[in-house]
Amino acid sequence: MPKLRHLFLTMIFLGLIVAEAVPVLTKLSSPAQSERQLTAEEQNTILSILQKPEDSSSSTFTGKFLDITWPLDPNQIKKDAIMSSTMMGSPQPNQTTSPAETPDDSLVGILPPINSDLYYAYQDGGRFWYGQGSNILVIFPNESIHSFNKATGAETMWMQDRLAYPPISDSMAYTNYQQNYRALIVAETTQWVLMEFPSGGIVKVYKPQYTASGGSGIVSSLPNFLLNLVD
């Protein structure tokens, strides 16, 4: 780094040049004046600065134009410069990666695995219809129902045997099962509902408007686990 006395000397010369230039610019129309010479006092001041050894113990230089605090150890400036460049080129501790680089853990189990059966089922217009744990049923626009494992996205046969039964057509079943057997409607299609009993049993029941007029009072194709519930 430049020595302090050289910097100070440069500042004095620049000051003298400015002092000489201003009167000349303001008096261009005046007759030429004799060139100003340095006074003996100014010459002695400059010589004393050049001859005086630099005082390394001084840590602060205060001038008319600058107020600089110099480190006691000149090598410290180099260390600070290296540290600053390293910090500017390195990522900050609180810098985070973009969403594209880091998957959102909150979506795990909600979005299906890419390129899985469930993934394409949703693309084909399927929507979640009913589920227990990792097993879910997806209903399509044509009201066909397929089973999937939502964790793996693979198509399964879960509950397909129960869904194969035709809906119960008794006109009273819709109300009777809910009021007397505490069955809950957990899903529905246009014509029938899926009812779940407290025991975990599942049954399809026609909506009242789609049963035979007046009802026959006879339940057809009722699963075995519900036969003892019907009078």
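The values are calculated or read from the model by the stated rules, or taken from the named source; none is laboratory data. Note that the structure is a prediction, hence the values are computed from the model and not measured. Cβ placement follows ideal geometry from the backbone for every residue including glycine, while neighbour counts extend to all protein chains displayed. With ligands, DNA and RNA removed, areas are computed over all heavy atoms of the protein, side chains included. Shrake-Rupley method; radii C 1.70, N 1.55, O 1.52, S 1.80 Å.
Computed quantities for the displayed model
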| read-out | value |
| --- | --- |
| Residue identified as in contact with a Pro (Cβ under 7 Å, 6 or more places away or on another chain) and loosely packed, with under 13 Cβ neighbours inside 10 Å among GLY125, GLY133 | GLY125 |
| Residue count for segment 182-194, restricted to those that are of a type outside the set (A, V, I, L, M, F, W, C) and either crowded, with 16+ Cβ neighbours inside 10 Å or under 19 Å from GLN132 (Cβ atoms) (or both) | 3 |
| Filtered residues of segment 208-231 (kept if open to solvent by less than 30 Å² (accessible area, probe 1.4 Å) and at pLDDT 70 or above) | THR211 |
| Criterion (open to solvent by less than 40 Å² (accessible area, probe 1.4 Å), small (Gly, Ala, Ser) and assigned to a loop (DSSP other than H, G, I, E, B)) met by exactly one of SER147, SER171 | SER171 |
| Contacts under 6 angstrom Cβ, first residue in segment 137-165 being over 19 Å from LEU111 (Cβ atoms) and without any contact (Cβ under 8 Å) to a residue 12 or more places away in the chain, partner in a strand (DSSP E or B) and open to solvent by 40 Å² or more (accessible area, probe 1.4 Å), 6 or more apart | none |
| Unmet requirement for LEU107, which otherwise passes all of (1) open to solvent by less than 90 Å² (accessible area, probe 1.4 Å); (2) of a type outside the set (Ser, Thr, Tyr); (3) out of contact with any His (no Cβ under 8 Å at 6 or more places or on another chain); (4) at pLDDT 90 or above | (4) |
| Leading residue by the ranking (surrounded by the fewest Cβ atoms within 10 Å (Cβ to Cβ)) among those in segment 150-168 that are in a helix (DSSP H, G or I) and not polar (S, T, N, Q) | ASP161 |
| Checking GLY201 against (1) open to solvent by less than 60 Å² (accessible area, probe 1.4 Å); (2) closer than 30 Å to SER116 by Cα; (3) at pLDDT 95 or above, the condition it does not meet | (3) |
